[in-house]
Amino acid sequence: MSDKRVKIISLLLTSCMLLFTQVAKSTIDSYQFEDPEMEARFQQLIFELRCPKCQNQNLADSNSALSMDLKSIVYEKLISGETDEQIKSFMKQRYGDFILFDPEMNRDNAILWFGPIVFLCLILIIFIRWYIRNRVNNND
Amino acid sequence: MEDNVGTKSTSFKNFFIVSLFLVVVAGFYLLIGQDKTILPSQLIDRTVPKFQVEDLLDNSVIRSNTDFEGQITLLNVWASWCPACYAEHPYWEEYAKNKDVVLVGLNYRDSKSKALKFLKEQGDSFAWNIFDQNGRLGIEFGVYGAPETFVIDTNGKVLYRHVGVVTPEVFESIFIPMIEQIKKGL
């Protein structure tokens, strides 16, 4: 096969491959901060807040429309001088504890915090009672 | 006699330990076994948030939270970009025959032209539609997708939020008993 023919075939193959490529597009958020400390708070908040729509992602990672809206709200509230707690409270009032990646302990989730300890204690009690009874029986 | 008391006390202790064990396991099961894709609404038993947003069909009309007072409302969150809303929409025509409730639409994060086209093509069974173009009112309601439907009583208090399509089964088994309950209290 001549060099020229190889070049033409290569060119055609490359053109075909290019036809099937996709353009990767992502939106870049443009939140402007004059104060670097406020920007750090913004980054921390969108890291800690969960996207209610795409539940395994935080606001920072999610590109869903709802996440964009919530990020804008975080930004607006920071600029207007609200504290981190006020912003988290705003989100919690609308989406519940679920929106916090690190949920606070309350009456509803107390069993998840204390359940394992109670569970372990119960297992221990059952085991100790069984052990003592077995020992008494063996001694008899 | 003493042996009898001792046996009773031991079996009570065993019963108590087993019961506690079962309660802990049941608690875990209930909390971990919940469908995490459905978020509980934070508005339940609270009045609808204060708002003033324009009507979709007539922008000279401003809709507000007070518009829910004095009627039983089913507030349906819909959008022209939501495929499930196309599946759900024909049902609303049926539900509109129920004269005990007022059906209100909340057009969520949509463009006006697409929303109007949706209503023209799919039909408009809603008494009125709120035009929440930027989705901020949706956030006030804790909306995280479409469709969602809120049951609101005559005092403007939210009683229930359904996430997903309101099928005739859902309407009959959940919405109708709730509407009857509200009517009884009037």
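The values are calculated or read from the model by the stated rules, or taken from the named source; none is laboratory data. Keep in mind the model is a prediction, meaning the values are calculated, not measured. Cβ: placed from backbone, ideal geometry, glycine included. Neighbour counts: every protein chain shown. The accessibility values were calculated without ligands, DNA or RNA, using every heavy atom of the protein model including side chains. Shrake-Rupley method; radii C 1.70, N 1.55, O 1.52, S 1.80 Å.
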- Task: Name the single residue, out of those in segment B:62-76 being in contact (Cβ under 8 Å) with a residue 40 or more places away in the chain and in contact with an Asp or Glu (Cβ under 7 Å, 6 or more places away or on another chain), that is least open to solvent (accessible area, probe 1.4 Å).
- Result: B:Ile72
- Item | Considering residues of segment A:90-110 that are part of a loop (DSSP other than H, G, I, E, B) and either in contact (Cβ under 8 Å) with a residue 60 or more places away in the chain or open to solvent by 40 Å² or more (accessible area, probe 1.4 Å) (or both) only, the residue farthest from the other protein chains (Cβ to nearest Cβ) | A:Asp102
- Message: Give me the residue from segment B:130-186 that is over 21 Å from B:Glu94 (Cβ atoms) and of a type in the set (Phe, Trp, Tyr) and, out of that set, farthest from the chain's Cα centre (by Cα).
- Response: B:Phe131
- Query: Of the residues that make up segment B:110-131, is at least one more than 14 Å from every other protein chain (Cβ to nearest Cβ), touching a helix residue (DSSP H, G or I) at 6+ places or on another chain (Cβ under 8 Å) and under 17 Å from B:Gln42 (Cβ atoms)?
  - Reply: no
- Can you tell which of A:Ile79, A:Ile117 is open to solvent by 70 Å² or more (accessible area, probe 1.4 Å) and within 13 Å of another protein chain (Cβ to nearest Cβ)? A:Ile117
- Message: Restricting to segment A:45-58, name every residue that is closer than 18 Å to A:Glu104 by Cα and open to solvent by less than 90 Å² (accessible area, probe 1.4 Å).
- Response: A:Leu45, A:Ile46, A:Glu48, A:Leu49, A:Arg50, A:Cys51, A:Pro52, A:Gln55, A:Asn58
- Query: Within segment B:30-48, is there a residue that is at pLDDT 95 or above, in a strand (DSSP E or B) and open to solvent by less than 70 Å² (accessible area, probe 1.4 Å)?
  - Reply: no
